[in-house]
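Shown next, in structure tokens, is the structure this report addresses.
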Amino acid sequence: MTAKSTLRAEAAAFLALFEAAGAQAVEADLLLPAETLLDLYGEDIRARAYVTHDPDRGELMLRPDFTVPVVQMHMANGADPARYTYMGEVFRTQAAGSGRPSEYLQVGYEVFDRADPTRADAEVFALFAKALAPFGLRAVTGDIGILMAAIDTLSTTDARKAALRRHLWRPRRFRALLDRYTGRAALPAPRAALIRALETRGAAALIDEAGPEIGLRSAQDVADRLNALAADAATPPIPAAEAEVLGVILSLKAALPDAYEQLCDVCVDLPGLGGAVDRLAARMGALDAAGIDIATLPFEASFGRTTMEYYDGFVFGFLAEGRPDLPPVATGGRYDALTRILGAGREIPAVGGVIRPELVHRLRTGGRP
């Protein structure tokens, strides 16, 4: 096992690079308030967080990443603009037998700057590309904002759009929902039977027959949920043509300029996508100005759908070619909405990323642990 001091030396080199780029080094608490922060990470991290309870502070978790506490710190008293860097351990449970560490180092770089968000995207990506250039990694980019915009253009109810946005991070669940909303898949038999009972007897009768209230949900809560299910069942399906276009977007993989051209074609069918595609064009210009060869830069529309759920725009990763055993060496993206949530209504465009020094060390030493 590689000594922690060796990995910290790897991390310190990246930290120094980020400080030289103008970032202020900051620390984040190891124990974070789980009640207020855990939901921000999404389902995957919630399931993998180490959670404990303190008599005075309530439910706490060991830090699963740095971005959320750094955003919380910045929104409390940060300057505008601001750049931060950090290094330290994060903690996540792993599947039994996976061999992956439950405690590992991250070193990161975060930019809070409202002047030119696309330039900030390019700044962060170009800095990571420079830092990781010696290791022959494959860069990949994506844009969660395009996927969200595509969902928002669908001809369906706000409730269905919200469900699709919520489950965008779980591709199988997302596909099952989309199949149901387009009529390609029938309702599960128990739900179909419940809908039929609602149509013939009504919610109040079903609740009365269920017996006394048990648990935290009131009879009104249950009635509201039953009526929502009935309303959804009566909703017309999403047009097949729209669902087909959404499928084309989700499966899009191409060099960035080619992906942009294909998305421009898609805008003919989904004109509501235009704003997100315009932002992609602006980002391409900023990346080119930052010295990135965009002609060969991969774009995968679904990239980032299994990472942090707080990303809502540009996303990127650096992957070790031929090493499917390794997770991404670095990942990052834009998380504007997170600043609004933690800023109690105030917000500032923000983007950042993290590097895993132990993976860099494995690549540097030929893969030896």
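The values are calculated or read from the model by the stated rules, or taken from the named source; none is laboratory data. Source: prediction; values computed, not measured. Neighbour counts are summed over all protein chains in view; Cβ atoms, including those assigned to glycine, are modelled from backbone coordinates with ideal geometry. Remember, those area values only see protein heavy atoms, side chains included, never the ligands or the DNA or RNA. Shrake-Rupley method; radii C 1.70, N 1.55, O 1.52, S 1.80 Å.
Evaluation of A290 against the conditions (1) among the aliphatic types (A, V, I, L, M); (2) in contact (Cβ under 8 Å) with a residue 60 or more places away in the chain; (3) open to solvent by 80 Å² or more (accessible area, probe 1.4 Å) shows that the sole unmet condition is (3). Among the residues of the range 158-173, the ones that are closer than 22 Å to A47 by Cα and in contact (Cβ under 8 Å) with a residue 24 or more places away in the chain come to 4 in all.
Residue-wise test of (1) open to solvent by less than 90 Å² (accessible area, probe 1.4 Å); (2) of a type in the set (G, A, S).
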site: K4; (1), (2): no, no
site: A12; (1), (2): yes, yes
site: L17; (1), (2): yes, no
site: A23; (1), (2): yes, yes
site: A28; (1), (2): yes, yes
site: L32; (1), (2): yes, no
site: D39; (1), (2): no, no
site: I45; (1), (2): yes, no
site: D54; (1), (2): yes, no
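Filtered by the rule that a residue be of a type in the set (G, A, S) and over 19 Å from V70 (Cα atoms), the range 97-125 gives G97, S98, G99, S102, A115, A122.
Which one is surrounded by the most Cβ atoms within 10 Å (Cβ to Cβ) among residues in the range 293-316 that are more than 12 Å from the chain's Cα centre (by Cα) and not in a loop (DSSP other than H, G, I, E, B)?
Step one: filter the range 293-316 for residues more than 12 Å from the chain's Cα centre (by Cα), giving 293-301.
Adding the requirement that they be not in a loop (DSSP other than H, G, I, E, B) leaves 298-300.
Values: P298: 18, F299: 25, E300: 19.
Step by step, filter the range 293-316, then rank; the result is F299.
The set of residues from the range 13-39 being within 15 Å of V124 (Cβ to Cβ), assigned to a loop (DSSP other than H, G, I, E, B) and touching a Phe, Trp or Tyr at 6+ places or on another chain (Cβ under 9 Å) comprises A21, A23.
Examine the range 114-125 for a residue that is buried (at least 17 other Cβ atoms within 10 Å of the Cβ), touching a residue at least 60 places away in the same chain (Cβ under 8 Å), outside any strand (DSSP E or B) and of a type in the set (K, R), and state whether such a residue exists. Can you show your working first?
Here is the first cut: in the range 114-125, the ones buried (at least 17 other Cβ atoms within 10 Å of the Cβ) are 117-125.
With touching a residue at least 60 places away in the same chain (Cβ under 8 Å) added as a condition, the list becomes 117-125.
With outside any strand (DSSP E or B) added as a condition, the list becomes 117-125.
When the remaining residues are screened for being of a type in the set (K, R), the result is 119.
Within the range 114-125 (the criterion being buried (at least 17 other Cβ atoms within 10 Å of the Cβ), touching a residue at least 60 places away in the same chain (Cβ under 8 Å), outside any strand (DSSP E or B) and of a type in the set (K, R)), the answer is yes, since at least one residue qualifies.
Restricting the search to the range 327-356, which residues are of a type outside the set (G, A, S), under 17 Å from the mean Cα position of the chain (by Cα) and open to solvent by 10 Å² or more (accessible area, probe 1.4 Å)?
P327, P328, T331, R334, D336, R340, I341, L342, P349, V354
Looking at the range 60-104, which of its residues are open to solvent by less than 20 Å² (accessible area, probe 1.4 Å) and assigned to a loop (DSSP other than H, G, I, E, B)? Before you say what the answer is, go through the steps one by one.
First pass over the range 60-104, keeping only residues open to solvent by less than 20 Å² (accessible area, probe 1.4 Å): 60-61, 63-71, 74-75, 82, 84-86, 88, 90, 104.
R63, P64, D65, F66, listed by residue number.
So which of G322, G275 is at positive phi, open to solvent by 20 Å² or more (accessible area, probe 1.4 Å) and not polar (S, T, N, Q)? First the steps, then the outcome.
Numbers: G275 fails: at positive phi.
After applying the criteria, what remains is G322.
Could you tell me which numbered condition L280 fails, if it satisfies all but one of (1) open to solvent by 20 Å² or more (accessible area, probe 1.4 Å); (2) modelled with pLDDT of 90 or more? The failed condition is (1). Residues that are among the hydrophobic types (A, V, I, L, M, F, W, C) and in a strand (DSSP E or B) were ranked within the range 327-369; the one that is farthest from E309 (Cα to Cα) is I355. For the range 280-299, residues that are in contact with an Asp or Glu (Cβ under 8 Å, 6 or more places away or on another chain) and more than 20 Å from S251 (Cβ to Cβ) total 5. Considering the range 178-218, and only residues there that are among the aliphatic types (A, V, I, L, M), within 30 Å of G247 (Cβ to Cβ) and loosely packed, with under 11 Cβ neighbours inside 10 Å, the residue that is farthest from the chain's Cα centre (by Cα) turns out to be A189.
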